[in-house]
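Data first, discussion second: the structure below is written as structure tokens.
The values are calculated or read from the model by the stated rules, or taken from the named source; none is laboratory data. Please read these numbers as outputs of a predicted model, since none were measured by experiment. Here the Cβ is made from the backbone with ideal geometry for all residues, glycine too, and neighbour counts use every protein chain on show.
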Amino acid sequence: MKISHALFLITLVLSSPASAQQDTVITSLVRDIPIWMAQNHVPCTGVGIIEDGRVKWVKTFGYLKEGHPAPLHTLFNIASQTKPVAAMLTMKLVREGLWDLDEPLSHYWTDPDVVNNPWLNKLTTRTVLSHQTGFPNWRTDNGNTKLRFDFEPGTKFRYSGEGFEYLRRALESKFHQPLNVLMQKYLFKPLRMHQTQYWSKTLDTSRFAMWHNGQGNRYAVSIQTSVSAADDLITTVEDYCKFGLATMMGLGLSDTLFAQMVRPQVQVKENYYRCLGWGLVTGLPDGEYALEHGGSDVGVRTMAVFLPKSKRGVVMMTNADNGMFVTDQVIKRVLAVGNQVLATMNKGVVSHERIAIAEEVIKRYTGTYVQNNGKLMKVEQQGNAIKVSGDGVPTALLYPESTNKFFLEGYDVQIEFPDTHSLIIYENGKQVMKINRE
């Protein structure tokens, strides 16, 4: 049975600082998070912990700028963590009988680039929320300018922000309201997510965690971002904890609809799937499963893991390219299944083993590479490995597994050099980007 709205609001009371300090895990986090931040050049980190169906602890570490400690309600851009929010809005519309998971989106909106494609009517909300649209992540990937289907919708997995933006346009067309207005009405106001918003001129920028690179230097980027179903929602750790807790409690969905939401829709790898709006990790002890989603953009690394059966979870937000190396440490510390969740998500499609190669071979690949959007990526030699850094790229070492392919230990990420003039990035065994040397 799903928890009532009134009772749900009662569960959102934060526990007292005194009780939080008595918790061994929390005490260790207070000690260790600043160390992990310093090691990885992360200026600001926010952490939220959910236990026994309530928000137990929220804390922000670090500084927004020198001499200004980050306040508890620091605002973070959460990048792709926006997607589950858009997905849960859509599920609430389905609950109200206002939307259908399997109706062709072409009934409400069609992108001119695919108007004559025979697969058009196979594009549905279900294929969007489970990342089976057949679209690339963004239409500009690999130098293209038009939206395209790379495979028939509903036949396999490929992560796509374009899919969520397609859904946004369909929703806005049907309801004659922008996405942010729909979110405010159906999610933010009912869940008392008062700090959650898209960019506007009224945004309190004094509380905003500006973006930083892998060396901890601030990016010179604009805070202005557009309303998107895929990206760039602005919120606080506490508000996202409220959202995650509401999701675990069922969001007022019927038992049948909630079960459909968390059912595997497409397999990504062993024990890792996409359900509707979330990554889904199965195979955990006692029949537990995890709903997870992260956010990754220039100067942004965020992550959340929720365990619906035990009503536990953790929310992490950072404002730096190296933030993933902090968020993963916290997840492992907070959740008993944290190591297993991350290992399942990051497990390689194939195994990788370090080898030694000649240093002169590595030197051939060093230099600066330029993405289609102008972002730079630097490759340097560091011993018998390459060190990568750049705009939106974590500063990390990748080790050789062949004379032209390198891997990041602990993550399913590889870089291949097909020649000395370009490189290809792979994630989860799939090519995500090819970029050329400057």
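Go through (1) surrounded by fewer than 21 Cβ atoms within 10 Å (Cβ to Cβ); (2) in a loop (DSSP other than H, G, I, E, B) for ASN322 and report which single condition fails.
Tallying (1) surrounded by fewer than 21 Cβ atoms within 10 Å (Cβ to Cβ); (2) in a loop (DSSP other than H, G, I, E, B), ASN322 fails exactly one: (1).
Checking the condition of a type outside the set (Asp, Glu) and outside any loop (DSSP other than H, G, I, E, B), which residue from GLY244, GLY277, GLY250 passes?
Going through GLY244, GLY277, GLY250 in turn, the sole match is GLY244.
Please indicate, with yes or no, whether at least one residue in segment 202-220 is more than 30 Å from LYS387 (Cα to Cα), β-branched (Val, Ile, Thr), within 20 Å of the chain's Cα centre (by Cα) and not in a strand (DSSP E or B).
no
For segment 271-288, which residues satisfy the criterion of being touching a residue at least 12 places away in the same chain (Cβ under 8 Å) and in contact with a Gly (Cβ under 8 Å, 6 or more places away or on another chain)?
Applying the first criterion (touching a residue at least 12 places away in the same chain (Cβ under 8 Å)) to segment 271-288 yields 271-272, 274-288.
Within segment 271-288, ASN271, TYR272 qualify.
Need the failing condition index for VAL181 against (1) hydrophobic (A, V, I, L, M, F, W, C); (2) over 17 Å from the mean Cα position of the chain (by Cα); (3) crowded, with 19+ Cβ neighbours inside 10 Å, just the number.
Condition not satisfied by VAL181: (3).
Given the criterion touching a strand residue (DSSP E or B) at 6+ places or on another chain (Cβ under 9 Å) and polar (S, T, N, Q), identify the matching residue among ASN404, ASN373.
On the way: ASN373 fails: touching a strand residue (DSSP E or B) at 6+ places or on another chain (Cβ under 9 Å).
Among ASN404, ASN373, only ASN404 is touching a strand residue (DSSP E or B) at 6+ places or on another chain (Cβ under 9 Å) and polar (S, T, N, Q).
Does segment 87-95 contain any residue that is farther than 16 Å from MET316 by Cβ, of a type in the set (Val, Ile, Thr) and at pLDDT below 95? Quick ask: steps written out before the conclusion?
Taking segment 87-95 first, the residues farther than 16 Å from MET316 by Cβ are 87-95.
Imposing the further condition that a residue be of a type in the set (Val, Ile, Thr) reduces the set to 90, 94.
From what's left, at pLDDT below 95: none.
No, that holds for no residue.
Which members of segment 355-401 meet the condition of being farther than 21 Å from VAL42 by Cα and in contact (Cβ under 8 Å) with a residue 60 or more places away in the chain?
GLY367, THR368, TYR369, VAL370, GLN371, ASN372, ASN373
When you scan segment 21-76, how many residues do you find that are among the β-branched types (Val, Ile, Thr) and in a loop (DSSP other than H, G, I, E, B)?
2
Would you call VAL55 surrounded by 14 or more Cβ atoms within 10 Å (Cβ to Cβ) and either over 24 Å from SER226 (Cα atoms) or under 23 Å from the mean Cα position of the chain (by Cα) (or both)? So that I can check it myself, show each step before the final result.
Working: surrounded by 14 or more Cβ atoms within 10 Å (Cβ to Cβ): yes; either over 24 Å from SER226 (Cα atoms) or under 23 Å from the mean Cα position of the chain (by Cα) (or both): yes.
The answer is yes for VAL55.
Which members of segment 95-130 meet the condition of being outside any loop (DSSP other than H, G, I, E, B) and in contact with an Asp or Glu (Cβ under 7 Å, 6 or more places away or on another chain)? Walk me through it before giving the result.
Start the filter on segment 95-130 by keeping residues that are outside any loop (DSSP other than H, G, I, E, B), which leaves 95, 104-107, 112-114, 120-122, 124-129.
Listed by number, the residues that qualify are LYS122, THR124, ARG126.
So if I check each of ASN144, ASN77, ASN137, ASN116, which one is free of Cβ contacts under 8 Å to residues at least 12 places away in the same chain and under 27 Å from ASN373 (Cα atoms)?
Exactly one of ASN144, ASN77, ASN137, ASN116 is free of Cβ contacts under 8 Å to residues at least 12 places away in the same chain and under 27 Å from ASN373 (Cα atoms), namely ASN144.
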